[in-house]
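Data first, discussion second: the structure below is written as C-alpha cells.
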There are 2 protein chains.
Amino acid sequence: MRDEDKQIIRRLGLFQDMDAARFDGLLNAAFLQRFPERVVLINEGEPSDFLHIVIDGMVELYATLDGRESTMTVLSPVSTFILAAVLKDAVYLMSARTRTAARVLMIPAKSVRDAMAEDDAFARSIVDELANCYRGVVRNQKNLKLRTSVERLASYLAHQYVRQGATGELTLQIDKKTLASMLGMTPENLSRSFSTLRRAGVEVNGPEITVRSLDELREIAHHAPLIDNFPNTVEHQQ
Amino acid sequence: MRDEDKQIIRRLGLFQDMDAARFDGLLNAAFLQRFPERVVLINEGEPSDFLHIVIDGMVELYATLDGRESTMTVLSPVSTFILAAVLKDAVYLMSARTRTAARVLMIPAKSVRDAMAEDDAFARSIVDELANCYRGVVRNQKNLKLRTSVERLASYLAHQYVRQGATGELTLQIDKKTLASMLGMTPENLSRSFSTLRRAGVEVNGPEITVRSLDELREIAHHAPLIDNFPNTVEHQQ
DNA sequence: TCAATGTCTTGACATTTATCAAGGCGCACA
DNA sequence: TGTGCGCCTTGATAAATGTCAAGACATTGA
C-alpha cells in the first residue's frame, strides 16, 4: 500500500485521532483491492467481514426485495461504508458494487472492533462518524417523504451545481438509470422530470447539464437547509 | 425522580455500562417532565439542548417542508431520541410532540457530551446505540423505496401482530391519520389499503384489527428479515 | 339533549408515477 | 463499415396515489 494512500486515510475524521501505532496495525491487517466496474463487493444478508473504504472510483449501495432493486446512494472517494454492520458484527443491510473501476481498502471487521475496544479516541471518532451517517439518512428520508420526484431532481441538481463549483454547468457523475433509482423513480420518469425542468432553465445534453439559475432550482425544490445542507464533506454512507 | 424510574433508565443499553457515580450525576442534572397530549417538545432547526427519553406515553417524531408535514416515527417507552443531534451539538433535524400525556426525561446536552468525553464505557454504548438507530433508519428507507403502500401497511400489521403477542387481534396504537403519514400515504389511501387487505383476512373495527393469518400478511408484504426484523427491543429512534 | 367537532370512510375525479412498446443515438466490436 | 447492443427518450396507456367533497359515526361540551 502506497504511503500516499495511507495519508489520505489517516486524514479521514474516523482515523485522525487514532493512536499512531494502532493505525499502522489496522492498515497492516487491511488490503487495498482493485476492482473493475460492475463488480459486486457485498451482498445484503451476508455477515460483515470488512470495513470498506472507497479510495478511488465510485461505489453504489443498493438494496433488493424479491425481484425489485433500489439504489440507496452512490459513494465517491473517500468514504467508508457499512461501518454500522461491522461494529455490530451483524449482516449487511445493503449490497454494494463498483460503478467504475475502483480501489477499495478493506479492513477486517474484527480488527476494527478490536481497535474500538482498545482505543478510546477511536471509539469517539466512531461516534462522530455514526452520528453524521445517521443524520445523513434522516435527511434522505425527509427528502423522500416530503418532496415529489421533480422536486427531488431539482434538489439533486442544485446540490451538484454547488458541489461542482457553481459554474452553471455540471456533469452527472452517474448514469441516468441509477440516478432515477436513487431519486426513487423510474428512468422514464426521470426523463420527463428533466423536461419539466427545462422551463426552469435546465438544459440537458447527455450527462452535461446547464443550469440558468441556482435560486430557481432551489425554489422548485423547496430548498431547506435541514434537508439539503451537507455539513461536512462526508457524503451519504451506510 | 422516583427510584423506580431511575432503574428503568439504568437498564437501557445506553446507560447500563456507565460508571455508577456518573450515572447519578447525569440524572441529577436531568429533569423528568410531565406533558399533556399534543405538546410540541422540539422544533426542527432549533439547537439541541437536551437528550430526551420517553418514560411514559407516546411521542411522535415528524418533519416539515414548507406547508407539508410527515411523521417519521412514533416512539413508545423506553426510547431515547435525538441522540445524534445532541452528540454533534447540532440543530434538530426532526420535530417532536406528545401523542398522549407523557413523561419525558430530559438530560442537558452538555452533560451527555461531557459524560461521553469522560466515560469510555459510555462512549462505546453510544456507538452501539447509534449503530442500532442507523440500521433502523436504513431499514425504514428500504421499506419506503422497495414497497408499495399496501405492502407497507401489511408489513406494519405483521409487525404489530407479533409485537402484540400473535393472538390474531391487535390494536392500533396511533390514530390512522398519523399511521398513514408514517407509512408515507394519505389517510384516504390508508382506508383503501385496509379494504384491499380485507380479502386477505384483515378485519378492521376502528382501532381493533383482526388478522386471519400472519403468513398471508407477510406474503403480501414480501416479508424480508433485512427490512422487518427488529434485532433488539429497540424501536425506531432518532 | 343537541349542536359542534373531529375522525374515519367512501365516491368521484385529478394528478402522479409506472409500465409497455418503439425508436433514435452513440459506441464497441467483428 | 456495418451490426448489435445498451442507454436514453418519447408516446400511449395503466396503475397507484392524491385531492376534494360529502356523509357516517363517535365524542365532547354547552
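For the reader, a short list of remarks on this structure follows.
- Filter pass, A:S193 being away from chain B (no Cβ under 12 Å) and of a type in the set (G, A, S): yes
Residues checked against (1) over 30 Å from A:Y156 (Cα atoms); (2) surrounded by 22 or more Cβ atoms within 10 Å (Cβ to Cβ):
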site: A:Q7; (1), (2): yes, no
site: A:D24; (1), (2): yes, no
site: A:A30; (1), (2): yes, no
site: A:I53; (1), (2): no, yes
site: A:A63; (1), (2): no, yes
site: A:G67; (1), (2): no, no
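- For A:G201: the one exception among (1) without any contact (Cβ under 8 Å) to a residue 24 or more places away in the chain; (2) under 20 Å from the mean Cα position of the chain (by Cα); (3) not assigned by TED's automatic domain parsing to the domain that holds A:M72: (2)
- Cβ separations smaller than 7 Å between residues 6+ apart or across chains give the following pairs from region A:43-57 residues that are closer than 19 Å to A:T71 by Cβ to residues that are basic (K, R): A:G57/A:R103.
- In region B:63-81, the residues that are more than 9 Å from chain A (Cβ to nearest Cβ) and over 11 Å from the mean Cα position of the chain (by Cα): B:G67
- Listed by first and then second residue, the pairs linking a residue in region B:6-28 that is in a loop (DSSP other than H, G, I, E, B) to a residue that is of a type in the set (S, T, N, Q) and open to solvent by less than 70 Å² (accessible area, probe 1.4 Å), with Cβ atoms under 6 Å apart and 6 or more places separating them unless they lie on different chains, are B:L14/B:S125; B:D17/B:S125.
- Restricting attention to region B:76-85, the residues that are touching a Leu at 6+ places or on another chain (Cβ under 7 Å) and under 23 Å from B:Q7 (Cβ atoms) add up to 4.
- Subset of region B:184-193 [open to solvent by less than 10 Å² (accessible area, probe 1.4 Å) and either more than 8 Å from DNA strand C (Cβ to nearest atom) or in contact (Cβ under 8 Å) with a residue 60 or more places away in the chain (or both)]: B:S193
- Residue check, A:R212 open to solvent by 10 Å² or more (accessible area, probe 1.4 Å), more than 14 Å from every other protein chain (Cβ to nearest Cβ), among the charged types (D, E, K, R) and within 16 Å of DNA strand C (Cβ to nearest atom): no
- Filter pass, B:A96 being over 30 Å from A:A121 (Cβ atoms) and either out of contact with any Lys or Arg (no Cβ under 9 Å at 6 or more places or on another chain) or within 14 Å of chain A (Cβ to nearest Cβ) (or both): yes
- Count of region A:206-220 residues which are within 16 Å of A:Y161 (Cβ to Cβ) and within 11 Å of DNA strand D (Cβ to nearest atom): 3
- Filter result for A:E44 (in a loop (DSSP other than H, G, I, E, B), among the charged types (D, E, K, R) and touching a Phe, Trp or Tyr at 6+ places or on another chain (Cβ under 8 Å)): yes
- Meets criteria (touching a helix residue (DSSP H, G or I) at 6+ places or on another chain (Cβ under 9 Å), charged (D, E, K, R) and within 16 Å of DNA strand C (Cβ to nearest atom)) for A:R103: no
- Members of region A:126-150 found to be farther than 30 Å from A:L51 by Cβ and more than 9 Å from every other protein chain (Cβ to nearest Cβ), listed by number: A:T148, A:S149, A:V150
The values are calculated or read from the model by the stated rules, or taken from the named source; none is laboratory data. Bear in mind that the values here come from a model prediction, so they are computed numbers and not experimental data. When we count neighbours, we look across all protein chains shown, and the Cβ atoms used for this are built from the backbone with ideal geometry, even at glycine. Heads up: the accessible areas ignore ligands, DNA and RNA and are worked out on the full protein's heavy atoms, side chains in. Shrake-Rupley method; radii C 1.70, N 1.55, O 1.52, S 1.80 Å.
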